[in-house]
Amino acid sequence: MKKIITLILIGLLLSGCSNNDDEGDDCILDMAVPSLHLRIVDDSGANLFENGTIDPNNIRVEADHSEELINFQFIPGNEFANPDAEIRVLDNSLMLTVPHRSKYEYTIYLDDIEEIINVQLETDQSRKICGATYYTPVVASYKKETLEISEVSSELNFLVILEI
């Protein structure tokens, strides 16, 4: 009986997904969550993680949509990756998930340099095949200045460069 219920559940999950060869999208890929990558640089454009000014272990992130600290991931430089690969622009950045909200704010505490960064973001709701709905960032601002948001390598990775 348990096997039958398991097979029915798997069948329902897979029936909602199909491979649309016309668009080249794969349903499994569309279930991924968009990621916002923040690269923190100084006024000369030097990456503050890469040059050791900021230790990624001494960072806390809060969000106005959560009472808890936000989990983030530091993306270190990958010495084995192709140096010309587009994805390399995400090296030495903070990766945060994009929540299901139209507006939100991240507060990033950089304990090494006693700096607090408040980044405001606005998103658009997107719907892709397989019924996966998610939000993608369209506007980012810091100190009331609009920041450029770049799509990197796929439609689910976004890069914002913060100059502090």
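The values are calculated or read from the model by the stated rules, or taken from the named source; none is laboratory data. Computed from a prediction, not measured in an experiment: that's the story for all the values here. When we count neighbours, we look across all protein chains shown, and the Cβ atoms used for this are built from the backbone with ideal geometry, even at glycine. In case anyone asks, the SASA skips ligands and DNA or RNA and just uses the protein heavy atoms, side chains included. Shrake-Rupley method; radii C 1.70, N 1.55, O 1.52, S 1.80 Å.
Note down the net charge around Ser66, summing +1 for each Lys or Arg and -1 for each Asp or Glu among other residues with Cβ under 13 Å from its Cβ.
Residues near Ser66 contribute -3 overall.
Using mean Cβ contacts within 10 Å as the protection proxy, how do 67-80, 151-164 order, highest first?
151-164, 67-80
Can you send over the carbon and sulfur percentage of the accessible area for segment 40-82, probe radius 1.4 Å, protein chains only?
On the way: 1160 of 2860 Å².
It is 40 percent, rounded to a whole number.
What's the magnitude of the charge dipole for segment 83-135 around its Cα centre, counting Lys and Arg as +1 and Asp and Glu as -1 at the beta-carbon? Answer in Debye, nearest 20.
Working: 5 positive and 10 negative charges, 120 e Å.
Magnitude of the dipole: close to 580 debye.
Which of rounded, prolate or oblate describes segment 67-134 when judged by the alpha-carbon gyration tensor and an a/c cut-off of 1.5? Could you put the intermediate results ahead of the total?
Numbers: a/c = 2.48, a/b = 1.09, b/c = 2.29.
Note, shape of segment 67-134 comes out oblate.
Between Asn78 and Arg101, what is the label-point separation in nm under the 7 Å Cα-to-beta-carbon projection?
Result for the modelled spin labels: 3.0 nm.
Tell me which residues come under 5 Å, amide H to amide H, from Asp55 once H is placed; ignore anything under 5 positions away on its chain.
Long-range HN contacts for Asp55: Asp112.
How much net charge surrounds Gly45 when only other residues with a Cβ under 12 Å from its Cβ are counted (Lys, Arg +1; Asp, Glu -1)? If you can, show how the numbers build up before the last one.
Working: positive: Arg39; negative: Asp42, Asp43, Glu50, Glu163.
Once all neighbours under 12 Å are counted, the net charge is -3.
If we count every other residue with Cβ under 11 angstrom of Asn157's Cβ, Lys/Arg +1 and Asp/Glu -1, where does the sum land?
Charge balance near Asn157 sits at -3.
Under 5 Å between amide H atoms, partner at least 5 residues away or on a different chain: which partners does Ser126 have, H built in plane at 1.01 Å?
Tyr134, Tyr135, Thr136
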